[in-house]
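Trainee: The structure's right below; bear with me while I get my questions together.
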Amino acid sequence: MRGRILVALVLSIACAGGHGVPARLPIGTWGGADVGLIVSADSVHVHIGCTRGEIEGRVPVEASGAFTTMGLHNVDAFPVDLGIFHPARYDGRLHGDDRLTLDVTLLDTGQRLGPAEAFLGREPNLRICPICR
């Protein structure tokens, strides 16, 4: 009996003490140096520097913290927004539940943005570039 209790205790500590990641990118404002994300229940709005992107839906996250999703990205958003969105792949990693790293690759040109690091609950610092609210 004591052996079973010990095994149950060890398993509960292992499960409770694990630093797993959420199954989806957590909702909220994510910010860092030259990066900002606004994650809502049905989309993600992304800024890296003076660019902006859109992802439809919630972003699923693997148990390892890695995620890859598709969206659109505009690299000419500032100072004059030309309104040209490119198909883009967003590759990232969630570290715990409040820090992520992100790379964006434009599929038609191969241009790459990132890596960028953002933190949940931190205001984005985009210097001279505006962020959508």
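Trainee: Along the Cα→Cβ direction, 7 angstrom out, place labels at Asp91 and Gln111. What is the inter-label distance in nm?
Mentor: Taking the two extended label points, one gets 1.9 nm.
Trainee: Grab the beta carbon distance between Leu82 and Ala23, set R0 = 35 Å, and tell me the FRET efficiency rounded to 0.05.
Mentor: Once the sixth-power term is evaluated, E becomes 0.45.
Trainee: So if R0 is 30 Å, what FRET efficiency would Glu123 and Ser64 give, r being the distance between their Cβ atoms, rounded to the nearest 0.05?
Mentor: Plugging the Cβ-Cβ distance into 1/(1 + (r/R0)^6) gives 0.60.
Trainee: Which loop-located chymotrypsin sites (Phe, Trp or Tyr not before Pro) does region 72-133 contain, where loop means any DSSP state but H, G, I, E or B and the Cβ has at most 12 other Cβ atoms within 10 Å? Could the numbers behind the result be given before it?
Mentor: Numbers: sites: Phe85, Tyr90, Phe119; in loops: Phe85.
For chymotrypsin sites (Phe, Trp or Tyr not before Pro) across region 72-133 that sit outside H, G, I, E and B with at most 12 neighbouring Cβ atoms in 10 Å, the list is empty.
Trainee: Tally Lys/Arg at +1 and Asp/Glu at -1 over every other residue whose Cβ is under 12 Å from the Cβ of Gly114; what's the total?
Mentor: Around Gly114, the charge tally is -1.
Trainee: Let me ask something additional. Within 10 Å, count the other beta carbons around each residue, average over each peptide in 63-69, 26-32, 48-54, and list them highest first.
Mentor: Result, highest mean Cβ count within 10 Å first: 48-54, 26-32, 63-69.
Trainee: Using a cut-off of 9 Å between beta-carbons, work out the net charge of the residues near Val46 (Lys and Arg +1, Asp and Glu -1, Val46 not included).
Mentor: The answer is 0.
Values in this text are rule-based calculations from the coordinates and carry no lab data. Source: prediction; values computed, not measured. A quick note on method: Cβ atoms are made from the backbone with ideal geometry, for glycine too, and the neighbour counts reach across all protein chains shown.
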